1. Surrounded by fewer than 16 Cβ atoms within 10 Å (Cβ to Cβ) and touching a strand residue (DSSP E or B) at 6+ places or on another chain (Cβ under 6 Å) - does that describe any residue in the stretch 259-275?
2. Suppose we keep only residues that are without any contact (Cβ under 8 Å) to a residue 40 or more places away in the chain and part of a loop (DSSP other than H, G, I, E, B) within the stretch 120-156. Which one would you say is nearest to residue 235 (Cα to Cα)?
3. Hey, could you check the stretch 155-165 for residues that are surrounded by fewer than 16 Cβ atoms within 10 Å (Cβ to Cβ) and touching a strand residue (DSSP E or B) at 6+ places or on another chain (Cβ under 8 Å) and say which is farthest from residue 196 (Cα to Cα)?
4. Out of (1) farther than 20 Å from residue 140 by Cβ; (2) not in a strand (DSSP E or B), the odd one out for residue 232 is which?
5. Looking at the stretch 192-204, is at least one residue modelled with pLDDT of 95 or more, buried (at least 23 other Cβ atoms within 10 Å of the Cβ), outside any strand (DSSP E or B) and assigned by TED's automatic domain parsing to the domain that holds residue 244?
6. Give the residues of the stretch 281-307 that are assigned to a helix (DSSP H, G or I) and touching a strand residue (DSSP E or B) at 6+ places or on another chain (Cβ under 8 Å), sorted by residue number.
7. Of the conditions (1) closer than 30 Å to residue 111 by Cβ; (2) surrounded by fewer than 16 Cβ atoms within 10 Å (Cβ to Cβ), residue 168 clears all except one; give me its number.
């Protein structure tokens, strides 16, 4: 069939949208305090005003929205799970993760960025001395600084204990040489929580250092070219004779691997919450499209095949949310949550991949175009199955915990 140049083809095309369909009814949440409810309301307002209007354009152009993180810091959203004494929000993880979900529903790069920043503060907040916390933590939590977490290396990803970046004590400093890889905020961060080898091979020879980004000899490689998350820089970080004051050692020498794993348990919950935020955004958009798109004289939502697909998507999202919140409540209660965090990360990120894929299918050909955000959501969802421990690693952690291993 040929179409003449004057045929009004565009009149048959649904209205273009470059942001998620706004929720006609926000997700109902059970929050423990009035303060937490106000916090969620503030987050939703910031998402509407600061994130949704620019997310698509910044992703398309690969622009890192540093000023958005400053805005979030000013609003008190960059230190939510940490004590108020050091400039944090003193919120339980149950609340912090729901804020993270709302941010990721508006723009995954921001939600993930807040999760990474929170992860990068964990070593100091949990294992640092009181003097270190008083001196360094307020600046890290107040919004003026943005953090990155340096564990992976070009030859050690899942096998993190094989890292080779070495720190040698010289007087009052550590001299650091090596390369870290796959670092979110690489080249944009103000500080790097860095795992280095100070002793023998294996987990017992690893220590944690807090390295300032402006340290001489620290450089960032050009950002990786990724299939998604283009506005969030991911880069290698090179340490070439970087001198780090010895008073920036976090915990004791040889304690770094335990510090890293402790941070990852909490960080995996952050990834789970971000995954559900992304899946919720995809579901919202798919539902709105199905309600308004008409075929054969009625909304496509009326067709059982499609309505069943939406039902499955919604069920998976709700199940994932319940799973990560249950793990968060264990953490807040001081209970062991390594297995539950791995389960949440595994299930929620697999859910995000399924739901975004199905959401593209709901929109048909339009879902495959960049006129709608669903193809971006689908590309972004994939990385969540990889970061902070691949989902194969999560299965190993869960299996070993079930059978009496340490899950590490």
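1. No, because not a single residue in the stretch 259-275 is surrounded by fewer than 16 Cβ atoms within 10 Å (Cβ to Cβ) and touching a strand residue (DSSP E or B) at 6+ places or on another chain (Cβ under 6 Å).
2. In this case the residue turns out to be 152.
3. Going through the qualifying residues, I end up with 162.
4. The number of the failed condition is (1).
5. No.
6. Step one: list which residues in the stretch 281-307 are assigned to a helix (DSSP H, G or I), which gives 281-292, 300-302, 304-307.
Result: 290, 291, 292, 300.
7. It fails just one condition, (1).
So that you can scan it fast, the table gives a plain yes or no per residue for (1) over 24 Å from residue 31 (Cα atoms); (2) within 27 Å of the chain's Cα centre (by Cα); (3) surrounded by fewer than 18 Cβ atoms within 10 Å (Cβ to Cβ):
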| residue | (1), (2), (3) |
| --- | --- |
| 291 | yes, no, yes |
| 303 | yes, no, yes |
| 311 | yes, yes, yes |
| 327 | no, yes, no |
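The values are calculated or read from the model by the stated rules, or taken from the named source; none is laboratory data. For clarity, every value in this text was computed on a predicted model and none was experimentally measured. Neighbour counts are summed over all protein chains in view; Cβ atoms, including those assigned to glycine, are modelled from backbone coordinates with ideal geometry.
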